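Step one of this worksheet: look at the structure below.
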Amino acid sequence: MSRLDLSKTHFLIIDDFGNYRSMLRSILVSCGAQHIDDAANAKDALKKVIHNKFDVILCDYNLGEGQNGQQLLEEIMHRHLIPYGTIYIMITAENTQSMVMAAVEYRPDGYLNKPFPKDLLLKRLNMLVEKKSIMKDIYTAYNKQDYITALKIADEKMAKYCKQALDIGKLKAEIALKANQLDIAQQVYDQALSVRDFQWAKVGKAKVLIKRKDDAQAQVLLEEVIEENKNYIEAYDLLAEILERQGKSKQVQTVLSQATKISPNTIARQQHLAQVAIENDDFSTAEKSLKKAVSHGKHSCFGKIGDNMNLVKLYADNGKGKQAIQTITAARKIYKKDKEAQLHTQFVESMTHHKLGNEDKARDIFQQAISNISGHLSDLPAELQNDLIATTHHLGETELAEALIDDINNPSEDKHTNTEEMTRKYHYLLQNGKGMRLYNANHIFESIKVFEDAAQHLPDRISVNMNAAQALLIYLKSTGVDAELLDKARHYLDISQKLDKHNEKYQKLEAIYSGLK
Amino acid sequence: MSDINNSDKTESSEQFNAVLMSFIHDIKNSLLMSLSSLETLYNSLDSVKPELKENISLIQYELQRINNSLVQLLSLYKMETHLFSIQADQYNIYDFLEDIIINNTLINEKNDFSINMECDDTIEWFFDKDLIATIINSTINNSTRYAHSQIKLSAKIIDEYLHICIEDDGEGFPKKMFVHPDTLETAINMKSGSTGLGLYFAEKIANIHHNGDKIGSTMIDNQSQLGGGRFKLLLP
């Protein structure tokens, strides 16, 4: 079987503890290694991983400030920064291993408990090289989403390599689940369960049952697993999923709270808990979990501006203006190089001021933000789109909201117009909104000018043209007929007629016009 | 009010837990530096005088004893505070025991001293690897203190239990040790130092290994094939 030629192997040691780095280096040298690089923190390690190819990465779980070993691994895997063949070994203090292992989606190839002698390191490396070379073809097919081939190879390998049969079996079931080959997956899990009460097999079987829409049976299995092993985090997530389908949001919150207590670092789970807590009107839990999501997000590739913004919205909805503004300021700093994130903070800031009653400020910021949109709306992240629409609605800009939704939903049309034209359109729709506010506040005369400005620039929007006509007609009705203004009204009515002569409002306006003539 | 007090208490015990963890982590870091430096030192000596070899073995023995005690202490603390679950999975026993022997390499190379292994390489069994390794490590560690020249580590399946035996050729356990350490108090009252605590820990850990109705257990006797003490760990 393939063994590692250490003299040709490229190692990367990641540890914040300088003495330990040099010691590990000397151990590797004494084993014959010639190519050894090291990094003192995750940031440094990430740079090295991007620019060099390593065969073996030895990473300590505790890395001091910044990302820990697990977060670093997640980022490396998530961004596909290392090829399949690279071996990633996590070095842990004995007592953290179970904690680390139960909590994660991305796992390293192996763990080593401190302290370990060099022979153990060598043995582990050789075993992993062997295992990787056996599993390689399965993964290649799996990653190409060629599930049929992957399953076929898995069967062949299982028959050939007894010692790795269990690992191959687990992978086979995982592939079968992905491929929706539920019978195959269930067979693997049932077979394992006939040997022993394997927790992984119970959780796997629960997944099959969920796919078969048998939530009740799945729930029984998952509760059993949690009873046996409080740290089996995946079981909590699946259970929460089932309870959510049953609409039991209080129970969902309980399950997710337990899970986040065991594994507080998973951002997605904190987001989920916050969302459920908001549904349950539990401000303090929502605040706590969003704060955790934000603080972990700073060091993780899964951190999102959206979590920061959700925290802002939570504060704003609960009248906590000061915290809301502080959170916005902090988010701007974290995402200072991210244009979309900056845009996102502007909309949420506007929404916040609106909720706090600072109407003028809200509109100022909103107008600025709208003019800062660059590129096409359909390309923006969904969370930003949602907050953009929500803010627009909050400010009562219904016309603009409709136009924005159209542009988000019709990317093809949107792409023909250039950005400048688009922001111009939004600008005049905002004018239209301003006109409506004046009109509704009974400043009819003042509204005419604003509506006309909007209508002249948006000749193909019937609602804007009708608004201009309406303001003119209502003004004339109260002050008496003025020929020049009546002509203007006629002009906007003509445009409206061309756009849609069956429009109900248009026909009503024509009636008023006839009355004035 | 009482609710608030309670939650304060949980929070402060959580804080204490975090402090404890970070202290132990720190101590373990120092230990591992010492152990690794010791290995480097040992390997850098071309021909080692027998007395020196024995001294190095002694240092390794003491350092590992501290390490084992820390791990046991932490696990017991977690058990008492219900922060504890076992992480059982299936492992190849030969591989598992071989790892343990490698981990005790220096002791293994002590003058005229050998740790042998007897195990079929096809046995797969189901247990918490870290916890069981801690038990075996501290038992081996303890045996090296009393054995003359040999320790045997063996494993086989008898009546649906995995029997792991650690035997030595020393004088055997004193009679007073044959009391089953049911509680922490009796374990400490045995006045046998860390051995009593170690046996209590081993029994506790064995007991939380279940398979259907069967539960794990430990026993000690002086029936070693080598003539000394024998520690047996039965896992269902």
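Where a number appears in this text, it was derived from the coordinates with a stated rule and is not lab data. What you see is a predicted model; the values in this text were computed from it and never measured. Here Cβ is always computed from backbone atoms with ideal geometry, including for glycine, and neighbour counts include all displayed protein chains.
Scattering from segment A:304-410 was approximated by placing one identical point on each alpha carbon and applying the Debye formula without solvent; log10 I(q)/I(0) at 0.15, 0.18, 0.21 1/Å stands at -0.56, -0.82, -1.12. Ranking A:439, A:357, A:56 by how far each Cα lies toward the positive end of the dipole of chain A (charges on Cβ) leaves A:56 at the top.
Per-residue shielding of A:111-124, expressed as the average number of other chain Cβ atoms within 10 Å of the residue Cβ, stands at 6.
For segment A:296-359, the fraction of alpha-carbon pairs lying more than 17 Å apart is 34 percent, rounded to a whole number.
Kirkwood's formula applied to the C-alpha pairs of segment A:417-517 gives a hydrodynamic radius of 13.6 angstrom. Taking Cβ atoms as reference points and 9 Å as the exclusive limit, the residues near residue A:189 contribute a net charge of +2, counting Lys and Arg as +1 and Asp and Glu as -1.
Charge tally around residue A:248: other residues with Cβ under 14 Å, Lys/Arg +1 each, Asp/Glu -1 each, net -3. From the residues A:515, A:370, A:345, which one has its Cα farthest along the dipole of chain A in the positive direction, the dipole being from +1 and -1 charges on Cβ of Lys/Arg and Asp/Glu about the Cα centre? It is A:345, whose Cα lies furthest towards the positive end. Summarising the overall dimensions of the protein assembly as shown from its C-alpha atoms, the Rg and Dmax are 34.6, 123 angstrom. Dipole magnitude for segment A:417-517: computed about the Cα centre from +1 point charges on Lys and Arg Cβ and -1 point charges on Asp and Glu Cβ, it is near 240 debye. The convex hull drawn around the Cα atoms of segment A:144-229, when projected onto a plane and averaged over every direction, covers 5.8 nm². Partners of residue A:298 within straight-line reach, counting lysines whose Cα lies under 18 Å from its Cα and excluding those fewer than 8 residues away in the same chain: A:43, A:47, A:288, A:333, A:336, A:337, A:339. Packing-based ranking of A:211-220, B:145-154, A:377-386 yields B:145-154, A:377-386, A:211-220, ordered from highest to lowest mean Cβ neighbour count within 10 Å. Cross-link reach is defined here as a Cα-Cα straight distance under 20 Å, omitting same-chain residues fewer than 8 places apart; for residue B:175 the lysines meeting it are B:191, B:232. Taking the Cα centre of the protein assembly as shown as origin and assigning +1 to Lys and Arg Cβ atoms and -1 to Asp and Glu Cβ atoms, the resulting dipole is close to 880 debye.
Over 18 Å apart: what share of the alpha carbon pairs of segment A:34-91 falls there, rounded to a whole percent? Distances greater than 18 Å cover 22 percent of the Cα pairs. The alpha-carbon of residue A:425 sits under 19 angstrom from the alpha-carbons of these aspartates and glutamates, leaving out residues fewer than 8 places away in its chain: A:364, A:379, A:397, A:399, A:402, A:406, A:407, A:413, A:414, A:452, A:453, A:460. Restricting to the protein assembly as shown, compute how many DSSP beta bridges are antiparallel as a %, nearest 5. Bridges in the protein assembly as shown that DSSP calls antiparallel: roughly 50 percent.
With the simple spin-label model, which puts each label point 7 Å out from Cα in the Cβ direction, the residue A:251 to residue A:481 separation comes to 7.3 nm.
Where the only charges are on Cβ atoms (+1 Lys, Arg; -1 Asp, Glu), what is the dipole of segment A:32-179 about its Cα centre, to the nearest 20 debye?
The dipole magnitude comes to about 420 debye.
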